[in-house]
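J.: Please read through the structure below; I'll follow up with questions.
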Amino acid sequence: MQKRECKITRNAIIRVLLGVFDVLWVMLAAVGSWWMLTYLGYEKFQGNVGEYMPIVLIWGAINVVVVLTLCIVLRLYSMIFASVAIQEGIRVILVCAVTGVLNLVAALIVGKEFRSEYGIGCHVILMYTLLLLVGIMGSRFAKRGYMALKAEFLNLVTKKKRVLIVGCNNDAFTLIRHMVFNDKSRYKAVCIVEDDKRYLGKRIYDVRVVGTTNEVRDVVKKHRINEIFLTIPSTKRALQREALTRCRECGCPIRLLPELSKMTGGEISVSQLRNVEIDDLLGRDQVSVNLSEVMGYIEGKVVLVTGGGGSIGSELCRQIATHSPQELIILDIYENNIYDIEQELKRHFPDLKLLTLVASIRDKNKVRDVFEKYRPQIVFNAAAHKHVPLMETSPNEAVKNNVFGTLNVAKAADEFGVETFVQISTDKAVNPTNIMGATKRICEMIIQTIGKHSTNTKFVAVRFGNVLGSNGSVIPLFKKQIAEGGPVTLTHKDIIRYFMTIPEAVSLVLQAGAYAQGGQIFVLDMGEPVKIYDLAYNLIKLSGYEPNVDIDIICTGLRPGEKLFEERLMAEEGLQKTANGLINIAQPIEIDEDNFWNVLDELYGAAYSETDKMKEWVKILVPTYTIDKRESDAITFLKKVEISKEIAPTAEEAEKEAAER
């Protein structure tokens, strides 16, 4: 509190001093202009200076009142001097112009005789107005002038990183101004490239537009550029990607504008620029959602997110929190992740009613207890085992968690009258070649079957592909391998995947929930598939290395259960459009429900009896599942154990052999 009082006192002192300066300057300008022009003979009066000085002082005093009043009205005493700009300059000009006009009007009213007698004519008034403008403008812009001179001096004597700005727009203007006037800046804007040739040769704060992005390599070499700042906004993703593709060939670090939502007060500074990420090169615009549709079914509702500590689950929680739910319940078995998202939400949404529960969806009684106690109205089921290679060696666990965990949550949702149930699925559920994808297909069948008969709940599943940056995705692995000096490993040079960022995928999941009618499978349009090899190549380039020169890219061969490409639809499914062109509906496939539930009961018994034939059991429910015949690491290990047992002598044989010795 004491610190704030000192700050207010300092501001008040500055305003008082500025007011005193204005009073003195107005009087000086009035007397000076009158004396100067009468001395030079432009204005004549009869008598001596001492006789008419009181009249001149009265004229100056009247102007003091006028000028102070106008400065107060136009807020010229409440500006921040370090950030004065053209708006403040216009206000200063307005004060001086109005003062000059009022003086001219007064001179015309008092008549020619008064003007000639006292020497306060048009020439004196014009000179006075000019001096007034110089004094008031100079006092307001003095600090900016000092800062500019200081910055110019520091640019000459301080070694700073030489920066190329890509894009000539308002953001570039703000960024350059920040570098020029921030004496702590470690960067110096050297030149600009812009594809709009109308700007060629023009300058921003004396930083010249020297060419287009096609010439960026030559510009970097000619001007000895150390870093590139790209000011093309992320909303123009195609233009941004094109510029990035050209810039990354220069071998300089590249930094981008932050997302609009992350800009402080809509302004940017160098500290807010971010490094280029691989998703900046995906080559499509960010997806957009209808926020009013999302708000319509989440606002004021109790929302449960299972698997809320995972990549998708935690982002679901973040976005749901922005849509004003009555209460958000996060359920996860892994306490560390759920603790992290709980603390993050408490920091950013202090008014959010939040409940965090550590529990497993495999525990049927606990799941029922949660639904009975807290009565969620909307459920997002993101809890699942999803790592393909790990599930290949633990198929029983995949079935226990993914299939029967989902069944527990879905049945509880139907029993306790949940309004909307959204199941998170994957494109690996389509013609699966791994147990994880096959279990996800069974989950879709569970949702469709229960949803077909539910009178209370709208059950839907949302199917999408790989998510950039999620736990276990290739990008974090590639970054770690690059940081370790390589090599970067991938399974096959021709392998392709659909990609979407976590926030994009989750926003579409939320909107798909708004379209829920019951028993539907929503399929997200993730754009064109991307070669994993290209991702690895580009990521190495973005890290400042040369692929297969500085860091090798090695293909290790497809893993068990892995396909070269993923599919979004099975042969029997067609697509139906929704209002959002990126969300489609797959036509449901007819299921023999009696047989489905019977086999599911058998599957439960097989999973919990730890059968070695789980994949064969799953194939009964999912005929499109192709079991990978290659041996997994676990099976290879077990075979080695069996062989070692056969080779190793029994205890009796060992005793007999010892006795003979």
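J.: Counting only protein chains, not ligands or nucleic acids, how are L510, L354 ordered by accessible area (probe 1.4 Å), most first?
T.: I get L354, L510, largest accessible area first.
J.: Still on this model: Put a dot 7 Å past each Cα toward the Cβ at E602 and Q326; how far apart are the dots in nm?
T.: 4.4 nm
J.: Cβ neighbours within 10 Å, averaged per peptide: list 440-449, 55-64, 476-485 in order, most packed at the top.
T.: Ranked from most to least packed, the peptides come out as 440-449, 55-64, 476-485.
J.: At a probe radius of 1.4 Å, what is the per-residue accessible area of S185, in Å² to the nearest 10?
T.: In the full protein context, S185 sits at about 10 Å².
J.: With every protein chain kept in the model, how would you rank K222, K400, K366 by accessible area, 1.4 Å probe, largest at the top? Mind showing how you got there, number by number?
T.: Numbers: K222 155, K400 10, K366 70 Å².
Per-residue accessible area, sorted high to low, gives K222, K366, K400.
J.: Right, here's the next one. Please report how many Lys pairs in the range 335-419 have alpha carbons closer than 13 angstrom, counting only residues at least 8 apart along the chain or sitting on separate chains.
T.: Taking the range 335-419 as the scope, the lysine pair count is 4.
J.: Rolling a 1.4 angstrom probe over the protein chains, ignoring ligands and nucleic acids, what is the accessible area of I554 in square angstrom, nearest 10?
T.: Accessible area of I554: about 70 Å².
J.: While we're here: Listed highest first by mean packing, meaning other Cβ atoms within 10 Å per residue, what order do 411-421, 85-95, 317-327, 206-216 come in?
T.: Details: 411-421: 20.3, 85-95: 14.9, 317-327: 18.5, 206-216: 17.0.
So the peptides 411-421, 85-95, 317-327, 206-216, ranked by packing, come out 411-421, 317-327, 206-216, 85-95.
J.: Here's a follow-up. Can you quote the Å³ per residue value for the convex hull of the Cα atoms in the range 350-421, rounded to an integer?
T.: Dividing the Cα hull volume of the range 350-421 by its residue count gives 106 Å³.
J.: Give the ranking of R362, R10 by solvent-accessible surface, highest area first, calculated with a 1.4 Å probe.
T.: R10, R362
The values are calculated or read from the model by the stated rules, or taken from the named source; none is laboratory data. Please read these numbers as outputs of a predicted model, since none were measured by experiment. Because the Cβ atoms are built from the backbone with ideal geometry, glycine has one as well, and the counts that use them run over all protein chains shown. Areas reflect the complete protein model, heavy atoms only, side chains present, ligands, DNA and RNA absent. Shrake-Rupley method; radii C 1.70, N 1.55, O 1.52, S 1.80 Å.
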